[in-house]
There are 2 protein chains.
Amino acid sequence: MTEKGGFPAARTVLQQCLQARLQVKPADEQSEAEFVQIDRGMVIYVCFFKGATEDLLPKMVSSLLNLRLCESDSGKLVSVLELPGSLLIVPQATLGGRAKGRGMQYHNNTGKEDGLRLYSAFISLCEREVMAAAASVGRAEVTVKHGTYGNRQVLKLDTNGPYTHLMEF
Amino acid sequence: MTEKGGFPAARTVLQQCLQARLQVKPADEQSEAEFVQIDRGMVIYVCFFKGATEDLLPKMVSSLLNLRLCESDSGKLVSVLELPGSLLIVPQATLGGRAKGRGMQYHNNTGKEDGLRLYSAFISLCEREVMAAAASVGRAEVTVKHGTYGNRQVLKLDTNGPYTHLMEF
């Protein structure tokens, strides 16, 4: 949660998975839908708010990837880097919603251009951290996949307990 | 979100689903694991905090079930009662976590006894609302299923876009 008690700059929801599959290109007349998939690891749903800047990202990524949220084979809680597990990063603008009457408003979400830039930089930082951790233990199957910003996020999730966490920055 | 800006009494995460399956009894020596399943509808992950009372529940349930979070066949946003869709309610104590260093603390979560009582009352209210809405449009397949409080929540989720929302009360 935000330490200052103010409105956050970014909101994430984290779920542990055994396998997760996300559509990255919908089907059209020429081709079938395209998907990315990870096996064991963590799904990060992420939404940036107005005022979020890239300064935020190193601490945010470090926190998300080093928190002990994942159950290892021995039942011990370890970070996704320690597991080591893969990441599926899902842009999720709906996370920024606030109820107004029976509808949802998204006035605090960052604009599309800033959102895409922050999302892309967030992914790059995650890739760097995950790849370094996986290389250090020789686990080449560990990977970072992500959804396409602005698209519908068609998701299939298989868990051993999603252990849903909320983290705001 | 809480309107007063204070610490919430309950936190929910909402995801839309095409199908969701949850383990309600783990396998043991005598029998296989047992599951509940819904088709189209909404998954509600719920966590109660210290200080939550049953007074909270009617407004909470009314808000969650009447918010326009679900995409109808025509693409219009409607509530889960209007869809009408089923509910899968998942007790999710991890949602109450706060990071302390690299670990998570759950000091603000309600105790087990209060939590179970609130969770059970929350389910009953949801059942009443969903069943009334389904009966009024003759949709007998609409249902409310839920996880077992205190158990590991082994979940399988198939979505057409989870549209993850956070709602606090």
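No value in this document is a laboratory result; all are computed from the given coordinates. Quick caveat: nothing in here was measured; it's all calculated off a predicted structure. Methodologically, a virtual Cβ is constructed for each residue, glycine included, from the backbone with ideal geometry; neighbour enumeration extends over all protein chains shown.
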Taking Cα centroids, how far is the stretch A:102-128 from the stretch B:107-147 in Å? 33
Can you tell me what percent of all Cα-Cα pairs in chain B are more than 21 Å apart? 48
Name the chain B residue with the Cβ nearest the axis that maps B onto A: which is it, and what is the distance in angstrom? B:157, 2
Separation between the residue B:24 and residue B:73 pseudo-spin-labels, each 7 Å from Cα along Cα→Cβ, expressed in nm? 2.8
Distances in nm from residue B:63 to the matching label points in the other copies, shortest first (labels 7 Å along Cα to Cβ): 2.3
Qualifying lysines (Cα of each under 16 Å from Cα of residue A:156; at least 8 residues distant if same chain): A:25, A:145, B:156
Check residue A:42: other-chain or 5+ apart residues with amide H under 5 Å from its amide H, H built from backbone geometry? A:17, A:86, A:87, A:88
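State which stretch of chain A is the longest one without any exposed GluC sites (Glu not before Pro), exposure meaning a DSSP loop state and at most 15 other Cβ atoms within 10 Å.
A:33-140
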P(r) of the protein assembly as shown in 20 Å steps, Cα pairs, percent per bin? 31, 61, 8
How much length, in nm to one decimal, is gained on full extension between residue B:113 and residue B:160, taken as 0.36 nm per residue of separation minus their Cα-Cα distance? 13.3 nm
Could you please state, rounded to a whole Å, how far the C-alpha centre of the stretch B:152-169 is from the C-alpha centre of the stretch A:1-78? 14
May I ask you to report, in nm to one decimal and beginning with the shortest, the distances from residue B:39 to the same position in the other copies, taking label points 7 Å along Cα-to-Cβ? 3.4
